[in-house]
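Each remark here refers to the structure printed beneath this line.
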There are 2 protein chains.
Amino acid sequence: MGGRRSVSVALLGLGVVGSGVARILAQKAEGYARELGCPLELTRVLVRDPAKERDLAIDQRLLTTDPSTILDDPEVAVVIEVLGGEEPAYRYLCDALRAGKYAVTANKEVMAKHGPALLALAQERGVDVLYEASVGGGIPIIAPLKRDLLANEIISLAAIINGTTNYILTAMSRDGRELAEALADAQRLGYAEADPTNDVEGIDAAYKLAILASLAFHGEVRPEDVYREGIGSLTARDFVYARELGYEIKLLALARRIGSGPAVQVRVHPALLPVEEPLAKVDGVLNAVQVEGDLLGRTLFQGQGAGSLPTTSAVVADLLDAAHRVVSGVHQRLAWRGEAPLRIVPMGDLRTRYYLRIWVTDRPGVLAQIARVLGDAQISIASVLQKEADEDAGTAELVLMSHESQESDMQRALGEVAALPVVAGIGAFLRVEG
Amino acid sequence: MGGRRSVSVALLGLGVVGSGVARILAQKAEGYARELGCPLELTRVLVRDPAKERDLAIDQRLLTTDPSTILDDPEVAVVIEVLGGEEPAYRYLCDALRAGKYAVTANKEVMAKHGPALLALAQERGVDVLYEASVGGGIPIIAPLKRDLLANEIISLAAIINGTTNYILTAMSRDGRELAEALADAQRLGYAEADPTNDVEGIDAAYKLAILASLAFHGEVRPEDVYREGIGSLTARDFVYARELGYEIKLLALARRIGSGPAVQVRVHPALLPVEEPLAKVDGVLNAVQVEGDLLGRTLFQGQGAGSLPTTSAVVADLLDAAHRVVSGVHQRLAWRGEAPLRIVPMGDLRTRYYLRIWVTDRPGVLAQIARVLGDAQISIASVLQKEADEDAGTAELVLMSHESQESDMQRALGEVAALPVVAGIGAFLRVEG
């Protein structure tokens, strides 16, 4: 074990996370070498423009624009990919694994779309691809799912895994702000990008859920398997009404095993959560993942979802793990192979409770008409709030909570409700969890 | 890797956890064998009385009263110790490691008192001792500290790691119950033992904190290094006053690095926590550990602290890890060796805020006298609540919160305050965290 002089590491990308990793490797070199038994040596860094001004003291001779100087170099034992985006990141990761190198990645898009292929390739070559940083940077969740919860059959995952939308929803809930204002704040503070589509539409959360669900259920869940609704239609009033009813609204990523077979439900959408639920209390840019296992019950992991330092922490933990295996000559731990391919349950089969906000003409008998349509579809109403809203227009807002119903029935009834002459529009349609 | 026919496992102890492990190994044999590449075989179980009636279908021929049939059998690759208590558990663990077997233990007392010795012995023999179940059964915390947080310098650990006392304190806070009533409830529900000393006095929490702090700070923290106060002096009124001031009271286990050197502070005592702190919201028998690292910020791990199934989950995760290493012939991952021995900071050096409840004679000038004594000791008062309490006796209760002060000053001042003729007694003296 004392034979190795050092472990050679290369970085693909020197953005926020890449710079963080380079900085921490320099700062903590001594401690990591002690942990490992030999030094970690950063030997090459792929960048687009070596001449670019950087807020980082790094030996200019390490920088290269040619990926082959890394991927074809047999000395490089671990490749850290922090480029982001699908290509060329995916190609580089394949090349690295094929060349027998360990790969560490923070790339949720690549892992969501190609995780199973990369893991299979790694296993074939006797190495591994490690991706703790791809979901919830400051929350160790991939490794606990791989190791610590392995004795369990995972029943469900419920997570808040997009800090941008959680910041926005927290501002809407706490400060009564509307979506556009809260989004503008998030952009000003650097929590949201100029084009917020990936966050607001739940795409980012769906990538992360696909990664977590594949791991938890020992199968392949692709991003397109995830049913997805964004937060775009929420208004500040929905948070007020939800609170009156005892709920908080969160963009929830949910994966649940249905029955004991291979059927799973995977979905990302805004949902009402009882205020006393631990996930309802996760505010601001924090992330949290709640895992329910048949043995351990519910365990919650909460922390910083993003940011340079938490993500760096996850990348370096994976790097130390990979480097340790390089030093000790150990192959990867076998992945649990699923018994059968997973079957994704269609959204129409979902059974849950629903929150409806409906604009109606403000006259007697309206509730009766709506209740009849819902009743005909086997949907029973648990509570009703009648809100005066616009006297000039003669319209009022009706907030309904249903008992547990089937999604397909609800969707059909919703169409019929919307078509009633007394209904001016469906303001909100949200699922209730917990 | 395909060469091994099976991994032979022996259990020391067949109590609640031991039976849970035996049951789960039988139930989930197929899945675990798939994960491992070969079956796990429970080949022997040490019990005191093989004839005892058990609520468990187990082959009677596996039971033995002779530990040497396990510890001297070269076929047994992993020994699971779930006897509890210091001896003979410690001796058996030493024998197992010396014989080159992996050891899995749920024993907090042994790990707190002898963890470093066992880990050194394991390293010498090229095996490992795994102890996830010794702290917070349903919360993966040992493995994350060993692997996932390794890139970090741990700044502090703050934990609620005794479910019994947290159940009692939650009942006192929520329902206004006094300690004795809440304890009786806990005993009736099976959350507290007939002799609750270990829980109520904080001994159990101190064991667990010693284990976590040793791991987090890469050194040896012994149970006797942990400053310890139990919950015995708390009254329901303290919870009411704390709430008025915006705090919850919890039995907190705290470990903190002081400065950048080897100095650490380790203590278990009731403390006031701001109600909005995540740890303040951990109620009932739940446990939680909050870890602060220099890179990841604060991460919270929350779940079931005890119970047969969560503890079984942790034991079997460790067993699968050990068995995997047996199958693949991998030695343990090196432990981070501390730079220097840790130095335990004396409690007198603590700087924090304090909550005082003082019985005084109900007449003018009393507060001025107390304030003068505190002021002379450099302790300034942040807020005062005056409570009418006993008109017949002519005494009142004074609740004071101090600004940050030094513990040694506070202790000295407290002695002087208690000696004032106008003071009938110190009702409570609590530290404020967060």
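Values quoted throughout were computed directly from the atomic coordinates according to the rules given, and no laboratory measurement underlies them. Everything numeric here is computed off the predicted structure, so don't read it as measured data. When we count neighbours, we look across all protein chains shown, and the Cβ atoms used for this are built from the backbone with ideal geometry, even at glycine.
Of note:
- Kirkwood's formula applied to the C-alpha pairs of the range A:67-221 gives a hydrodynamic radius of 17.1 angstrom.
- For B:G305, the residues whose modelled amide H falls within less than 5 Å of its own, excluding neighbours fewer than 5 places apart on the same chain, are B:G138, B:N287.
- When the GluC sites (Glu not before Pro) in the range B:240-326 are filtered for DSSP coil states and for at most 15 other beta-carbon atoms within 10 Å of their beta-carbon, the remaining sites are B:E276.
- Looking at chain B alone, DSSP beta bridges between its own residues are antiparallel in about 70 percent of cases.
- Teacher prompt: B:D72 distances to equivalent labels in other copies, 7 Å Cα→Cβ, nm: 6.3
- Counting only other chain Cβ atoms within 10 Å of each residue's Cβ, the peptide B:136-149 averages 6.
- Exposure proxy order (Cβ contacts within 10 Å, fewest to most) of B:R174, A:R237, A:R357: B:R174, A:R237, A:R357
- Helices meeting the span-like rule in chain B (full DSSP H runs, Cα extent of at least 20 Å along the helix axis, mean Kyte-Doolittle score of 0.0 or higher): B:108-124, B:308-328.
- Three-way shape call for the range B:58-136 based on the alpha-carbon gyration tensor, with the a/c threshold at 1.5: oblate
- Rg over Rh [alpha-carbon atoms, Kirkwood Rh] for the range A:235-299: 1.03
- Copy-to-copy label separations for B:A419, where each label sits 7 Å from Cα toward Cβ, in nm and ascending: 8.9
- Calculated label separations, B:V384, copies of the chain, 7 Å along the beta-carbon direction, nm: 5.8
- Take each residue in A:286-296, count the other chain C-beta atoms within 10 Å of its C-beta, and the mean is 5.
- Overall form of the range A:347-432 per C-alpha gyration tensor (a/c, 1.5; a/b vs b/c): prolate
- DSSP beta bridges confined to the protein assembly as shown are antiparallel in about 70 percent of cases.
- Legend: mean number of C-beta atoms from other chains within 10 angstrom of residue C-beta atoms, peptide B:271-279, equals 1.
- Subset of A:K113/B:K28; B:K108/B:K146; A:K146/B:K28 violating a 19 Å alpha-carbon distance limit: A:K113/B:K28
- The order of B:E229, B:E404, going from fewest to most other C-beta atoms within 10 Å of their C-beta, is B:E404, B:E229.
- Along the range A:292-302 the Karplus relation, 6.51 cos²θ - 1.76 cosθ + 1.60 evaluated at θ = phi - 60°, assigns HN-Hα couplings of 10, x, 5, 9, 8, x, 9, 10, 10, 10, 10 Hz to successive residues, with x for each Gly and Pro.
- When each of B:M410, A:M347, A:M401 is scored by the number of other beta-carbon atoms lying within 10 Å, the sequence from fewest to most is A:M347, A:M401, B:M410.
- Distribution of pairwise C-alpha distances over the protein assembly as shown, 20 Å bins, in %: 14, 42, 34, 10, 0
- Distance between the 7 Å Cα→Cβ label points at B:D376 and A:M347: 7.4 nm.
- Cα gyration tensor shape of the range A:147-297, rounded if a/c is under 1.5, else prolate or oblate by comparing a/b with b/c: prolate
- With 20 Å bins from 0: P(r) over chain B, alpha-carbon pairs, percent: 24, 49, 21, 5, 0
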